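The values are calculated or read from the model by the stated rules, or taken from the named source; none is laboratory data. Bear in mind that the values here come from a model prediction, so they are computed numbers and not experimental data. Ideal geometry is used to build each Cβ from the backbone, glycine not excepted, and the neighbour counts take in all protein chains shown.
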């Protein structure tokens, strides 16, 4: 078996207390609210084909054929799931993420928001230290 990289190792999924292949918090915590049918189908597909760490590899064309959606729509659905924090994607691997609250701070791949404000390196470091101590 191929060793697959884990895009977000801090978000490995675990079998929840209630026995269910699909975590009930997906509904209870409203993660599915506002999601498109294609995004929900892709999420279910990824949950089904993922290994114990939530990682899977299916090409866009293979997944699109199985889900009967176009490549463009599949990519839109994936972007929707990534934006919702339900899936991580690092081509060609998908990872179904844990529904546990993420650790403090943005995901490693997300850059800090830009404000357009010019600040000194010292101000930025002081702000970072202050945020870390809170």
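Has the range 49-57 got at least one residue that is assigned to a loop (DSSP other than H, G, I, E, B), without any contact (Cβ under 8 Å) to a residue 12 or more places away in the chain, under 30 Å from residue 3 (Cβ atoms) and within 16 Å of the chain's Cα centre (by Cα)? Even if it seems obvious, please write down each step before you answer.
From the range 49-57, those assigned to a loop (DSSP other than H, G, I, E, B) are 50-54, 57; that's our starting set.
This time we only want the ones that are without any contact (Cβ under 8 Å) to a residue 12 or more places away in the chain, so: 52.
Filter once more, keeping what is under 30 Å from residue 3 (Cβ atoms): 52.
Subset that is within 16 Å of the chain's Cα centre (by Cα): 52.
Looking through the range 49-57, at least one residue is assigned to a loop (DSSP other than H, G, I, E, B), without any contact (Cβ under 8 Å) to a residue 12 or more places away in the chain, under 30 Å from residue 3 (Cβ atoms) and within 16 Å of the chain's Cα centre (by Cα).
Have a look at 116, 34 and point out the one that is assigned to a loop (DSSP other than H, G, I, E, B) and at pLDDT 75 or above.
Going through 116, 34 in turn, the sole match is 34.
What is the number of the single condition among (1) under 27 Å from residue 3 (Cα atoms); (2) surrounded by 13 or more Cβ atoms within 10 Å (Cβ to Cβ); (3) free of Cβ contacts under 8 Å to residues at least 60 places away in the same chain that residue 36 does not meet?
Among (1) under 27 Å from residue 3 (Cα atoms); (2) surrounded by 13 or more Cβ atoms within 10 Å (Cβ to Cβ); (3) free of Cβ contacts under 8 Å to residues at least 60 places away in the same chain, residue 36 violates only (1).
Would you mind telling me which numbered condition in (1) at pLDDT below 75; (2) assigned to a loop (DSSP other than H, G, I, E, B) residue 132 fails?
Unmet condition: (2).
Taking residue 8 as the residue in question, decide whether it is surrounded by 18 or more Cβ atoms within 10 Å (Cβ to Cβ), in contact with a strand residue (DSSP E or B) (Cβ under 8 Å, 6 or more places away or on another chain) and closer than 30 Å to residue 131 by Cα.
yes
For the condition touching a helix residue (DSSP H, G or I) at 6+ places or on another chain (Cβ under 7 Å) and surrounded by 19 or more Cβ atoms within 10 Å (Cβ to Cβ), what is the one hit in 41, 77?
After ruling out the rest, the residue left standing is 77.
Is it true that residue 80 is in a helix (DSSP H, G or I) and over 15 Å from residue 96 (Cβ atoms)?
Criteria not met by residue 80.
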